[in-house]
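The values are calculated or read from the model by the stated rules, or taken from the named source; none is laboratory data. Just so you know, these numbers come straight off a predicted model, no measurement behind them. Here the Cβ is made from the backbone with ideal geometry for all residues, glycine too, and neighbour counts use every protein chain on show. Note: accessible area is taken over every heavy atom of the protein model, side chains too, but ligands, DNA and RNA are not part of it. Shrake-Rupley method; radii C 1.70, N 1.55, O 1.52, S 1.80 Å.
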Amino acid sequence: EGSLGAGKSELARRLLRAAANDPGLEVPSPTFTLVQTYALPLGTVHHFALYRLDGPGDLAELGWDEAREDIVLVEWPDRLGALAPANALRIAPAPGTTDDARVATLSGWAHRLKALAA
């Protein structure tokens, strides 16, 4: 989650390339297609960009319920409304101190994040 230009698409792109173990994997922004699906070694990943949605009403057409059985990355999760998973990890990139630097705030997954910090 984050404002335009915060780095959401770039974060998703880097996560997908790392998960594929393929730095050249083509990862287009799903801004116009709304969802891109990738078959990766760790499982199927669905990358949603919900910026153009007004709310959760159109998610059924995009296969939201089926996608939740796999791994899901969502840009603009505020558009999910009540369909937002309560147990989701939320990552909020924001501009850092230089033009290409970002600071990420993590929330959700409290028990998992505490285990990582220990």
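What number goes with the only condition from (1) more than 14 Å from G7 (Cα to Cα); (2) at pLDDT below 90 that D65 does not pass?
D65 satisfies all of (1) more than 14 Å from G7 (Cα to Cα); (2) at pLDDT below 90 except (2).
Being surrounded by 13 or more Cβ atoms within 10 Å (Cβ to Cβ) and of a type in the set (D, E, K, R), is that true of even one residue in segment 41-57?
no
Out of L53, L15, I need the residue that is within 24 Å of D100 (Cβ to Cβ) and modelled with pLDDT under 95. Which one?
From the options L53, L15, the qualifying one is L15.
Would you be able to tell me the number of residues in segment 32-79 that are among the charged types (D, E, K, R) and either in contact (Cβ under 8 Å) with a residue 40 or more places away in the chain or assigned to a loop (DSSP other than H, G, I, E, B) (or both)?
Residues meeting the conditions: 7.
Looking at segment 86-109, which of its residues are assigned to a loop (DSSP other than H, G, I, E, B) and either touching a helix residue (DSSP H, G or I) at 6+ places or on another chain (Cβ under 9 Å) or among the hydrophobic types (A, V, I, L, M, F, W, C) (or both)?
Once the filter is applied, which keeps residues that are assigned to a loop (DSSP other than H, G, I, E, B) and either touching a helix residue (DSSP H, G or I) at 6+ places or on another chain (Cβ under 9 Å) or among the hydrophobic types (A, V, I, L, M, F, W, C) (or both), segment 86-109 yields A86, A88, L89, A101, W109.
For residues that are in a loop (DSSP other than H, G, I, E, B) and hydrophobic (A, V, I, L, M, F, W, C), scanning just segment 1-31, find the one that is nearest to L80 (Cα to Cα).
L4
Answer yes or no: is there a residue in segment 16-24 that is free of Cβ contacts under 8 Å to residues at least 24 places away in the same chain and within 23 Å of T105 (Cβ to Cβ).
First pass over segment 16-24, keeping only residues free of Cβ contacts under 8 Å to residues at least 24 places away in the same chain: 17-18, 20-24.
The next check asks that each one be within 23 Å of T105 (Cβ to Cβ); those that pass are 17-18.
Yes: segment 16-24 contains one or more residues that are free of Cβ contacts under 8 Å to residues at least 24 places away in the same chain and within 23 Å of T105 (Cβ to Cβ).
G81: open to solvent by less than 60 Å² (accessible area, probe 1.4 Å) and over 20 Å from E1 (Cα atoms), yes or no?
It is false that G81 is open to solvent by less than 60 Å² (accessible area, probe 1.4 Å) and over 20 Å from E1 (Cα atoms).
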